[in-house]
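First comes the structure, then the notes that go with it.
The values are calculated or read from the model by the stated rules, or taken from the named source; none is laboratory data. Small disclaimer: the values here were computed from a predicted structure and weren't measured. Cβ: placed from backbone, ideal geometry, glycine included. Neighbour counts: every protein chain shown. To get the accessible areas, we keep the full protein, side chains included, count just its heavy atoms, and leave off ligands, DNA and RNA. Shrake-Rupley method; radii C 1.70, N 1.55, O 1.52, S 1.80 Å.
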Amino acid sequence: MPDKRIVLLGPPGAGKGTQAQLLCDALNIPHLATGNLLREAVANGTPVGTTVKPYMEAGKLVPDEVVVDVLVEAIDAAKKNRPGGYVLDGFPRTLNQAEALKKVLNARGESIDLVILIDTPDSVIQERLSQRRSCPDPLCGAVYNLTSKPPKVAGVCDLCGKKLEIREDDKPETIKVRQAQYWKDTAPLVEFYARRNRLVKVPGSGDLDEVAAVILKEVREDRGIVTSGEWAKK
Ligand code: AMP
């Protein structure tokens, strides 16, 4: 299969992180999650970490120029260490970021091949986020759901044994800020990629494995591309 550069889009709680990881395992390509990269910077106390910490704790977007630099560095490292493409999770989140990504990739003769919108109703999202528990270790960052994907031992990360937490930005007040931010800044990307014939819309309310199977099928077959104006109907 040729290189696959894939973006996963969807509101907070749509299951992007989990689905990105499953897709990366299936395709054997890296998972580049800006949220994880930024949390790692915060945990390591780097200058980027110090800049972004207050934004992240408030559930606000970090400035475009900071996150674009972090992402480009991660793309370059991925290309060197593990060619074959990548899945972007949590990036782009604004039109500015999408334009910046397009410019960086164009300069290398590359482009995003597929954008998967995980379309999930608000009611499902509220319920999922309230059940979410995360591993606080920035190098692990595993995410669980008390109902659909519980850890083997209650409260403990299966992968690294750390005590699971409710992420600061998964608290109810912060979730509201993040959702409002999604509809204002990130949702316009749906039309941006539909206009470029890169968008596939996948229903995200089924169980984990069902959604993963639909995503993998779309990626393998490049079917169901939604074009501008049509996406709202599918
Ligand atoms: P996530 O784990 O993807 O929900 O991201 C956690 C937090 O990291 C977000 O609430 C933002 O503060 C920040 N963040 C992650 N990705 C981006 C991005 N592409 N643009 C701006 N801020 C981001």
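The set of residues in the range 51-68 being modelled with pLDDT of 95 or more, of a type in the set (Asp, Glu) and open to solvent by 80 Å² or more (accessible area, probe 1.4 Å) consists of Glu65 alone. Of everything in the range 125-145, what is open to solvent by less than 80 Å² (accessible area, probe 1.4 Å), more than 16 Å from Gln19 (Cβ to Cβ) and in a loop (DSSP other than H, G, I, E, B)? Give them in sequence order. If the condition is that a residue be open to solvent by less than 80 Å² (accessible area, probe 1.4 Å), more than 16 Å from Gln19 (Cβ to Cβ) and in a loop (DSSP other than H, G, I, E, B), then Gln131, Cys135, Pro136, Asp137, Pro138, Cys140 are the ones that fit. Within the span defined as the range 164-185, every residue fails to be closer than 14 Å to Val7 by Cα and within 15 Å of the ligand (Cβ to nearest atom).
Among the residues of the range 12-40, those that are out of contact with any strand residue (DSSP E or B) (no Cβ under 7 Å at 6 or more places or on another chain) and within 21 Å of Thr186 (Cβ to Cβ) comprise Pro12, Gly13, Thr34, Gly35, Asn36, Leu37, Leu38, Arg39. Contact map, the range 36-57: residues that are outside any helix (DSSP H, G or I) paired with residues that are more than 10 Å from the ligand (Cβ to nearest atom), Cβ distance under 8 Å, separation 6+ or inter-chain. No pairs are found. Within the range 91-114, the set of residues being aliphatic (A, V, I, L, M), open to solvent by 70 Å² or more (accessible area, probe 1.4 Å) and within 16 Å of the ligand (Cβ to nearest atom) comprises just one member, Leu95.
Identify all residues within the range 181-212 that are aliphatic (A, V, I, L, M) and either modelled with pLDDT under 90 or open to solvent by 60 Å² or more (accessible area, probe 1.4 Å) (or both); write none if there are none. Of everything in the range 181-212, just one residue is aliphatic (A, V, I, L, M) and either modelled with pLDDT under 90 or open to solvent by 60 Å² or more (accessible area, probe 1.4 Å) (or both), namely Leu208.
Considering the range 4-50, and only residues there that are within 24 Å of Gly85 (Cα to Cα) and polar (S, T, N, Q), the residue that is most open to solvent (accessible area, probe 1.4 Å) turns out to be Asn28.
Counting residues in the range 80-90 that are within 8 Å of the ligand (Cβ to nearest atom) and part of a loop (DSSP other than H, G, I, E, B) gives one or more. Looking only at the range 42-70, residues that are away from the ligand (no atom under 11 Å from the Cβ) and over 18 Å from the mean Cα position of the chain (by Cα) come to 9 in all.
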